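The block underneath contains the structure these notes are about, expressed in structure tokens.
The values are calculated or read from the model by the stated rules, or taken from the named source; none is laboratory data. What you see is a predicted model; the values in this text were computed from it and never measured. For neighbour counting, all protein chains shown are included, and Cβ atoms are generated from backbone atoms with ideal geometry for every residue, glycine included. The area values use the complete protein model at the heavy-atom level, side chains included, leaving out ligands, DNA and RNA. Shrake-Rupley method; radii C 1.70, N 1.55, O 1.52, S 1.80 Å.
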Amino acid sequence: MCLKGYKSKGCLGAQGIPAGTWFRGNMEGEFTGKEVYRQHFDPKGYLKVHMPFGSGSPAVREGGFAFILENLHKAFLLDGIQGETLIDIGSGPSIYQLLSACESFQEIIATEFLEQNREEMQKWLKKDPEAFDWTLMVKYICQLEGDREKWMEKEEKLRKTIKQVLKCDVTQANPLDPLVLQPASCVLTTFCLESACKDLPTYRSALKNVGSLVKPGGHLIFVVALRETYYMVGQEKFSCLYLEPEVVEEAVKEAGFGIVCFERFEVNFTRGIADAQSIGFLVAQKHNEA
Ligand code: SAH
């Protein structure tokens, strides 16, 4: 059900990282845990490095974002994954991952570990003049949906559909603790678990934690950096759990899901913003008896 036929075309980001700045705040290979996130994760630094559209680059095809956005569009609008509630886990300061979902779900609950990221998202929701400019990304999605000119309506629709921005921690059995939510029709997570987990046992248990938020028969949608060891946030280097695709598949199955599709897109970051070898787009469905 996912898109096929993509070829590797180059780097994801538009901004180069000056040589010699990669190791600030993090010794080579060291896991960047919660405290490092709290102190060093700068939302605008992350967005400027990783969001090619936001920085004004029209070169959508140059990176993995076309692959991600087109697969999300396909899953939510063409393949009909829809329902009442979608929970996005580890939204960060980002909204790109929700632009198609808001057409297929009545409500979206965004969740994020860091207060500074939740604040950044709130800025966009409230149209704060200092909010990150997502216009080009929104226009791209509208073009996929058939009318590039409807980007303002799309922004309004997403703002209305995101009902809450909650705190989450994927290492907790209930990532939304102390809140207990009804299991959702769909849980989405993009580039979060591989950043949050220090080793494979933690990753497997985080997947179960996140999977527990999905109702039987519901979907789990994953965008995952494969074979990545680090990614940049501004000039700070953050660790990433090195994941082979087979490990991701196994962990998803172990959490009680059947894999519907797992597409991959090769990437080659030429400017040091991350070192993933590919991006995976995975759709899984929770077993009814799980
Ligand atoms: N989903 C966003 C952000 C990805 S960056 C996007 O696609 O752009 C990785 C995110 O994982 C950050 O927002 C970081 O704050 C979050 N994160 C780190 N540790 C976490 C934890 N223990 N639980 C939940 N999220 C965590």
Self-check item: Unique residue being within 13 Å of the ligand (Cβ to nearest atom), on the phi < 0 side of the Ramachandran plot and out of contact with any Asp or Glu (no Cβ under 7 Å at 6 or more places or on another chain) when the list is ILE81, ILE89
Solution: ILE89
Quiz item: Across the range 248-282, what is the number of residues that are surrounded by fewer than 17 Cβ atoms within 10 Å (Cβ to Cβ), farther than 17 Å from LEU72 by Cα, at pLDDT 95 or above and touching a strand residue (DSSP E or B) at 6+ places or on another chain (Cβ under 9 Å)?
Solution: 3
Practice problem: Please work out if LYS208 is closer than 16 Å to TYR242 by Cα and in contact (Cβ under 8 Å) with a residue 24 or more places away in the chain. | Solution: no
Quiz item: Can we say LYS286 is touching a Gly at 6+ places or on another chain (Cβ under 9 Å), open to solvent by 10 Å² or more (accessible area, probe 1.4 Å) and at pLDDT 95 or above?
Solution: yes
Exercise. Search the range 159-185 for residues that are more than 13 Å from ALA110 (Cβ to Cβ) and pair each with any residue that is assigned to a strand (DSSP E or B) and open to solvent by 80 Å² or more (accessible area, probe 1.4 Å) when their beta-carbon atoms are under 7 Å apart and the residues are at least 6 apart or on different chains.
Key: PRO183/LYS215; SER185/GLU84; SER185/LYS215
Quiz item: If the Cβ limit is 6 Å and pairs must be 6+ apart or interchain, which residue in the range 24-41 that is of a type in the set (Gly, Ala, Ser) pairs with which residue that is modelled with pLDDT of 60 or more and not in a helix (DSSP H, G or I)?
Solution: GLY25/GLU236
Self-check item: Selection within the range 222-248 - aliphatic (A, V, I, L, M) and within 12 Å of the ligand (Cβ to nearest atom)
Solution: VAL223, VAL224, ALA225, MET232, VAL233, LEU241
Quiz item: Within the range 224-235, is there a residue that is modelled with pLDDT of 95 or more, part of a strand (DSSP E or B) and in contact with a Pro (Cβ under 6 Å, 6 or more places away or on another chain)?
Solution: yes
Quiz item: Can you spot a residue in the range 237-246 that is assigned to a helix (DSSP H, G or I) and surrounded by fewer than 19 Cβ atoms within 10 Å (Cβ to Cβ)?
Solution: yes
Quiz item: Looking at (1) under 16 Å from GLY90 (Cα atoms); (2) more than 10 Å from the ligand (Cβ to nearest atom); (3) open to solvent by less than 80 Å² (accessible area, probe 1.4 Å); (4) assigned to a loop (DSSP other than H, G, I, E, B), which is the one condition that is false for CYS186?
Solution: (4)
Quiz item: Among the residues of the range 248-268, which ones are closer than 16 Å to VAL223 by Cβ, in contact (Cβ under 8 Å) with a residue 40 or more places away in the chain and either among the aromatic types (Phe, Trp, Tyr) or part of a helix (DSSP H, G or I) (or both)?
Solution: ALA251, VAL252, PHE257, PHE262, PHE265
Quiz item: Does GLN172 count as on the phi < 0 side of the Ramachandran plot and either hydrophobic (A, V, I, L, M, F, W, C) or within 9 Å of the ligand (Cβ to nearest atom) (or both)?
Solution: yes
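This table checks each residue for (1) without any contact (Cβ under 8 Å) to a residue 60 or more places away in the chain; (2) within 15 Å of the ligand (Cβ to nearest atom); (3) buried (at least 22 other Cβ atoms within 10 Å of the Cβ); (4) small (Gly, Ala, Ser).
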position: SER100; (1), (2), (3), (4): yes, yes, yes, yes
position: PHE105; (1), (2), (3), (4): no, no, yes, no
position: ILE109; (1), (2), (3), (4): no, yes, yes, no
position: LEU114; (1), (2), (3), (4): no, yes, no, no
position: ASN117; (1), (2), (3), (4): no, yes, yes, no
position: TRP124; (1), (2), (3), (4): yes, yes, no, no
position: LYS127; (1), (2), (3), (4): yes, no, no, no
position: LEU136; (1), (2), (3), (4): no, no, no, no
